[in-house]
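Presented below is the structure to which this report refers.
The values are calculated or read from the model by the stated rules, or taken from the named source; none is laboratory data. Because the structure is predicted, anything quoted here is derived from the model rather than measured. With ideal geometry, Cβ positions are generated from the backbone for all residues, glycine too; neighbour counts draw on all protein chains shown. The accessibility values were calculated without ligands, DNA or RNA, using every heavy atom of the protein model including side chains. Shrake-Rupley method; radii C 1.70, N 1.55, O 1.52, S 1.80 Å.
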Amino acid sequence: MLKNLPQPNLQLKNNNVNEFDFKNGTLHAENIALNQIAEEFNTPCYVYSKAALMQAFNDFSAGLIGTNHLVCFAVKANPNIAILNLFAKLGAGFDIVSGGELARVLAAGGDPQKIVFSGVGKNADEMRSALNAGIFCFNVESASELNRLNQVAGEMGKIAPVSLRVNPNVDAKTHPYISTGLKNNKFGVAFEDAIAVYEQAAAMPNIAVHGVDCHIGSQITELAPFIEALDLILGLVDTLAAKNIPISHIDVGGGIGITYSDETPPEFKTYAQAILAKLTHKNVKILFEPGRALVGNAGVLLTKVEYLKHTESKNFAIVDAAMNDLMRPALYDAYHNIVAVNPRDGETNVYEIVGPVCESGDFLGHDRALNLAEGDLLAIKSAGAYGMSMASNYNTRGRAAEVMVDGDKLHLIRQREKAADLFALEHLLP
Ligand code: LLP
């Protein structure tokens with residue numbers, strides 16, 4: 001390591017498999033220097049580590065060995081088919097929220113019998129595709145959706161396997177935009193209505209009640225909200241059993257957080273133990289829907305400093321990645337650690353790290369102490385989850401390339417979009 005540098009956060013342990021490390025003063029992904037990736041594929045570019053992805057999945061699963069369980073990766077966190085395929089090979093199932101995600105999972109070789117379909121607004125076409133594919137379960141979020149599913153399944157001569165997503169009114173203590181288990185959120189069936197809706201479901205000819213589902217939010221860094229929600233669900237499972245509506249699986253959703261800066265989310269094994277301890281007397285399969293925790297710290301967004309601009313009040317580093325590439329800072333004021341790929345000795349300046357998009361909300365980081373020159377490469381860390389998946393073409397910017405590093409091998413897993421790709425589906429008036 002060079003001296004006198006702001007020390008990048010390299011000692012992440014909790015849910016933060018770190019395959020991004022400095023070797024000879026250069027940040028590497030596994031064995032590949034990030035500047036080599038920039039040379040080959042240009043910037044901005046998402047870089048993932050295969051070892052980090054595999055380790056996160058295996059660590060998550062390790063605490064569940066011997067338990068009847070299924071880990072369904074939440075596709076929305078990172079839907080690249082290379083990543084889905086990697087998880088499918090490790091035995092993962094998938095949590096999907098659209099017909100598009102269903103198509104991706106199938107294209108990536110995912111097993112339909114390991115798919116759960118969440119989301120508040122599934123349309124009839126999406127229901128039909130999922131019934132045709134033969135998915136494991138629909139996580140139904142309202143009585144109206146249940147009626148629609150019963151009707152669609154009836155028209156197809158099929159029986160739809162169902163869990164109700166129950167809204168337990170538990171505070172996940174996370175950003176309000178990613179909190180989903182409070183009664184003023186749009187998600188799920190209100191806890192106090194759940195029994196009545198289950199009774200309706202049980203009486204429907206084309207619905208088979210299989211499970212109970214719950215997802216209270218994302219980037220949760222405490223155990224207590226998960227346990228509070230699970231206790232409520234277990235009570236519900238008992239009440240349903242007494243009403244002759246047996247439940248064969250409980251889906252506890254996703255939401256376990258990662259370390260972006262100094263958060264200390266529960267470790268996977270602590271989380272698993274706490275949940276499994278509650279289930280010892282229940283003969284149910286347990287489902288998990290982690291997204292961020294499996295991919296978040298397995299990816300960085302590589303970007304180049306285009307210009308430095310020193311004004312009276314601020315120093316700006318204008319980089320070639322922007323809010324369209326990584327929306328989290330603009331949308332949630334989210335923090336991502338930003339490090340120089342080749343840190344240099346000497347004085348640092350405090351920079352606003354901003355993109356080229358025409359919005360003042362287009363920032364990637366505030367007040368970062370870095371010693372920068374134009375042309376330098378930066379790595380925006382913890383960008384593997386909800387990075388590329390939320391990217392847009394705002395300002396007619398092609399979405400970034402995505403590459404995956406595997407030891408000393410480098411694979412392009414998504415080409416950079418070209419300008420012509422961006423208007424290829426548009427038509428001039430006749
Ligand atoms: N299951 C359901 C039903 C979900 O809605 C979500 C995330 C997950 C599982 C996975 O949650 P995770 O394990 O990744 O926390 N764009 C936001 C996060 C939105 C999460 C939406 N639902 C962000 O960038 O922080």
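Before moving on, here are some points about what is shown:
- Summarising the overall dimensions of region 334-406 from its C-alpha atoms, the Rg and Dmax are 13.7, 38 angstrom.
- Square roots of five times the Cα gyration tensor eigenvalues for the chain, Å: 41, 24, 19
- Rounded D (µm²/s) - region 64-207, Kirkwood Rh over Cα pairs, Stokes-Einstein at 25 °C, 0.890 mPa s: 154 µm²/s
- Based on C-alpha pairs under 8 angstrom that are at least 6 apart in sequence, region 118-290 has a relative contact order of 19 percent.
- Contour excess over end-to-end distance, with Cα ends at Thr280 and His366 and 0.36 nm allotted per residue: 26.3 nm
- Using a cutoff of 8 angstrom between alpha carbon atoms and counting only pairs six or more residues apart, the relative contact order for the chain works out to 20 percent.
- By the Kirkwood approach, averaging reciprocal distances over each pair of separate Cα atoms, region 109-181 gets a hydrodynamic radius of 13.3 Å.
- For Tyr332 and Ala373, the difference between the fully extended length at 0.36 nm per residue and the C-alpha to C-alpha distance is 11.9 nm.
- Cβ-Cβ FRET estimate between Tyr177 and Asn244, R0 fixed at 30 Å, reported to 0.05: 0.15
- Residues whose placed amide H lies under 5 Å from that of Val357, excluding near-sequence neighbours: Met323
- Of the residues Ser129, Ser392, Ala272, the one whose Cα sits farthest toward the positive end of the charge dipole of the chain, with +1 on the Cβ of Lys and Arg and -1 on the Cβ of Asp and Glu, is Ser129.
- Taking the helices alone, the chain has a mean residue ellipticity at 222 nm of -7500 deg cm²/dmol, built from -39,500 (n - 2.57) per DSSP H run of at least 4 residues and averaged over all its residues.
- Charge dipole (debye, nearest 20) of the chain; +1 at Cβ of Lys and Arg, -1 at Cβ of Asp and Glu: 760 debye
- With 0.36 nm allotted per residue and the present C-alpha distance subtracted, the Glu192-Leu223 stretch has 8.8 nm of extension available.
- Take the Cα of Ala208, step 7 Å toward its Cβ, do the same at Asn42, and the gap between the two points is 5.1 nm.
- Semi-axes of the equivalent ellipsoid for region 118-290, computed as √(5λ) from the eigenvalues of its C-alpha gyration tensor and ordered from largest down, come to 28, 18, 14 Å.
- Of the chymotrypsin sites (Phe, Trp or Tyr not before Pro) found in region 17-108, none is in coil by DSSP with at most 15 other Cβ atoms within 10 Å of its Cβ.
- In this structure the chain gives 42 Å² per residue of accessible area when probed at 1.4 Å with all protein chains present.
- Given R0 = 60 Å, the distance between the Cβ atoms of Glu347 and Asn184 translates into a calculated FRET efficiency of 0.75.
- Helix 268-277 vs. the chain, principal-axis angle (Cα, 0 to 90°, nearest 10): 10 degrees
- Options Val295, His28, Ala369, ranked by Cα towards positive dipole end of the chain, top entry (Cβ charges): Val295
- Between the residues Gly157, Leu232, Val209, the greatest Cα displacement towards the positive end of the dipole of region 118-290, with unit charges on the Cβ of Lys, Arg, Asp and Glu, is found for Gly157.
- Share of carbon and sulfur in the accessible area of the chain stands at 50%, probe radius 1.4 Å.
- Against the main long axis of the alpha-carbon atoms of the chain, helix 50-62 sits at an angle near 30°.
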